[in-house]
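Notes to accompany the following structure.
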Amino acid sequence: MKRIVYALMLTVLVVVSCGKEPQEGKDAKWERPSYATGQKPGKISYQLLIYSFADSDGDGIGDFNGIKSKLDYLDALGVSAIWLSPAHPADSYHGYDVQDYSRINPKYGTEEDFKALIDAAHSKEIKVYMDYVLNHTGKGNVWFAEAKKGPSSDKFSWFNISADPATDIALGKFPSITGYYQNEWHSVTVGEVGYQGRLHFKVDFSGAIKTLTVTTSTDAAQTPNTDSSVQMFLWLGEPGKAVRMYRSATDIYEITLDVDSPWGVLVRTSDTSWDGGTKWGAPKGANVLNFGTPLPLSTTDAQDILFGTPAEMSFQGAFGGWMPDLNYGKVADAAAAGPFNALAETADKWIGMGVDGFRLDAVKHIYSAERGPENPAFLKLWYDRCNSTFRKTHSTDLYMVGEVWMSASEVAPYYEGLPACFEFDFWERLKWVLNQRTGCYFANDLMGYRQKYAAVRPGAIAATKLTNHDETRAATILNKDLAKLKQAAAFLMTAEGEPYIYQGEELGYWGKDSDDGGRDELVRTPIVWDRAFSAATRDLDGHFDMTLVTDEISVAAQEADKESLLRVYYEWTHARNICPALAGGKMSSHPKYNNNNSTDKTVAAWYMTASDGSKALVLHNVGASAATLSLPDDKLSDEVVSLGDVKVSGSSVELGANSSAVFVQ
């Protein structure tokens, strides 16, 4: 296995103010950073995947107790909040196809385990954010199961279900949908296909055409026949159970039963053999049973014989046939819609348990006019509803961040509804900066984004990040260049906003997602804490990069290596937390090294100024060679943190290739 070689010279330091204290010497024993109460104002969040973060019980699946056991690690990273992948029961490993929003996925533990995690996190001043999926449910969701019963079900209108979607959309039947996209519609059988009640069954094998006749009955129900000489059975949708009938005449078989079948019935001439010729069902295209009418039986097609009259219809699922989209109706009426209130009640439960906020998935898709006013208006209704619950027991507002995967200009209107949105343009700009080695425009671009957000919502929170669970990893984009990866961390921790670290990013994990020709699991690799065999790999079903799941690049190995990427993350998250100007400051341009400087294009520089007036100078050289900066009007005597080769001489500073520094002003 290939061992990653890290190239940053890093010495141990202890920082107790915004500047560095004298170093203890490079041979001093290194310890994780530690924080006392109130010492993590940097608002750093960590995105983790419950199923692959940490396994506490050895079953190969990450769980709540595993996360709880690693809170010291997260605390040392300076984290003040964790965003959990969906915690609800789901059909998939990733959890975005929710079956029941009111319950916890038993694979991860119990509700008591979840509450214990929340309490333990709070004891370390780490908030807990749940991932909430408002756009769609899973196909196995309890609400969708009810909706499939047909228009008589009160859940039918909770989803976009139609026999003719194009026409219904054109007629305005689905106000949340502005256009017909055929690939978003998936077939579904709608209508009652099961039956509960007493029925009489008669199988007639006396003629050339075999038939089954079923009628409702008030006669006494019979127990199954025990005479093994009779080889005629009914299969009523109960796994492993075949009911032996009674022979009433030659080749005529009958029985009266109390039925509770979820779909219908099949006729069997054996209760042990499942080979061709022993299963008798309906001919293809004629599998709906009409009570009292003989149904011809076929052993060639042998389709399920269905009770009821189902119809083939379609449902909208923008993310595939296993994730039906929810229907909230007109946005003006959404707060009164059934799914809105049902979801809000489940959110109330988790808020009551102690959850501090929610990450909202795919919010631009809730109403298909992604750039229209509907989604921001809907999100305001949702946020206000949840916040009203939160404010009953808190003096602050609920945190809520939306996944709005668009440009900063397109994201800005979403701040009408939410206090925070992920800033995808942060990484789009930063990866260009690092790969093109051009830093002079970065600060100006970010400040432009902030102005757009503030015009919609004063105090708007830009949730900055590198990559997440749906994106090709930063290490892949940066060609596994450790110097660039370390500087990416430095940029993230010195920019205005509230940064997120994605699980494994601090370890240099790489991988291409499915949109880049890879596979989503490849960007969701389990954390290796000390030994690869104990990583939570089971839910990924072997679809991960084995070269990442090694002892050599584990957390333990990187903590012991003073040149590792993880040690850089520890240092720069620490710097953000202990320097008020970095922790909550606003960006402003440097008068010399800015977007108008055509000479020093490899330099990204800006000031961060806190509300208390404290100020820091941030310098990054993204070039492949050293850059010497003349800074006669800046203070260079009080360094907060540095990366790479940084040399101060009087009023100038030399930054080596991919080197960064922060100075108190």
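If you take all other residues with their beta carbon under 10 Å from the beta carbon of Thr211, and give Lys and Arg +1 and Asp and Glu -1, the sum is +1. For the listed peptides 140-152, 650-662, a ranking on the average number of other beta carbons within 10 Å per residue, highest first, reads 650-662, 140-152.
Hey, fewest Cβ within 10 Å first, where do Cys386, Cys421 land in order?
Values: Cys386 21, Cys421 28.
Least to most surrounded, the residues fall as Cys386, Cys421.
Loop-located trypsin sites (Lys or Arg not before Pro) in the range 518-575 (DSSP state other than H, G, I, E, B) with a sparse environment of at most 16 neighbouring Cβ atoms within 10 Å: Arg519, Arg531, Lys562. Note on Arg198 and Ser534: their simple-model spin labels are 6.3 nm apart, each label 7 Å out from Cα toward Cβ.
Taking Cα pairs under 8 Å and at least six residues apart, what relative contact order does the range 585-664 come out at, in percent? Value for the range 585-664: 28 percent.
On the basis of the beta-carbon distance and an R0 of 45 Å, Ala336 and Ala208 show a calculated FRET efficiency of 0.15.
Divide the volume of the convex hull around the Cα atoms of the range 585-664 by the residue count and you get 84 Å³ per residue.
Using 31 Å as the Cα-Cα cut-off, could you pick out the over-long pairs in Lys29/Lys70; Lys173/Lys452; Lys486/Lys601; Lys452/Lys601? Beyond 31 Å between Cα atoms: Lys173/Lys452.
For Arg247 and Asp59, the difference between the fully extended length at 0.36 nm per residue and the C-alpha to C-alpha distance is 62.5 nm.
Work through the residues other than Pro294 whose Cβ is under 9 Å from its Cβ and net out their charges, Lys, Arg +1 and Asp, Glu -1. Value of the local net charge: 0.
Under the criterion of Cα pairs below 8 Å and six or more residues apart, the relative contact order for the range 195-307 equals 30 percent.
Taking Cα atoms only, the orientation of helix 482-494 departs from the longest principal axis of the chain by about 90 degrees.
For Gln196, what is the net charge nearby, where nearby means another residue's Cβ is under 11 Å from its Cβ and Lys, Arg count +1, Asp, Glu -1?
Numbers: positive: Arg198; negative: Glu192, Asp258, Asp260.
Computed value for this residue: -2.
Could you state, as a whole-number percent, how many of the C-alpha pairs of the range 195-307 are farther apart than 25 Å? Provide the component values of the computation, followed by the final result.
Working: 677 of 6328 pairs.
The calculated P(r) of the range 195-307 puts 11 percent of pairs beyond 25 Å.
Taking amide H positions as modeled 1.01 Å from N, with prolines and chain starts lacking one, the residues under 5 Å from Gly439 and 5 or more places away or on another chain are Thr602, Val603, Val622.
What's the exposure ranking of Ser102, Ser298, going from fewest to most Cβ atoms within 10 Å? Mind showing how you got there, number by number?
On the way: Ser102 14, Ser298 18.
With the sparsest Cβ surroundings first, the list reads Ser102, Ser298.
Across every pair of non-identical alpha carbons in the chain, the mean reciprocal distance, once inverted, gives a Kirkwood radius of 28.2 Å. The protection proxy used here, the mean number of other Cβ atoms lying within 10 Å of each residue, ranks peptides 52-63, 109-120 as follows, highest first: 52-63, 109-120. Take every pair of alpha-carbon atoms less than 8 Å apart whose residues are at least six positions apart; their mean separation over the length of the chain yields a relative contact order of 15 percent.
Computed about the Cα centre, the dipole magnitude for the chain is approximately 980 debye when only Lys and Arg (+1) and Asp and Glu (-1) carry charge, each at its Cβ. By other beta-carbon atoms within 10 Å, ranking Met608, Met353 with the fewest at the front produces Met353, Met608. Using 0.36 nm per residue and subtracting the Cα-Cα separation, the extra length available between Asp645 and Ser152 on full extension is 170.4 nm.
Could you name the lysines in cross-link range of Lys635, using Cα to Cα under 20 Å and dropping any fewer than eight places away on the same chain? Correct list for Lys635: Lys20, Lys586, Lys592, Lys615, Lys647.
We did not get these values from a lab; they are worked out from the coordinates using the rules stated. Since we're looking at a predicted model, the values are computed, not measured. Neighbour counts run over all protein chains shown; Cβ positions are idealised from the backbone, glycine included.
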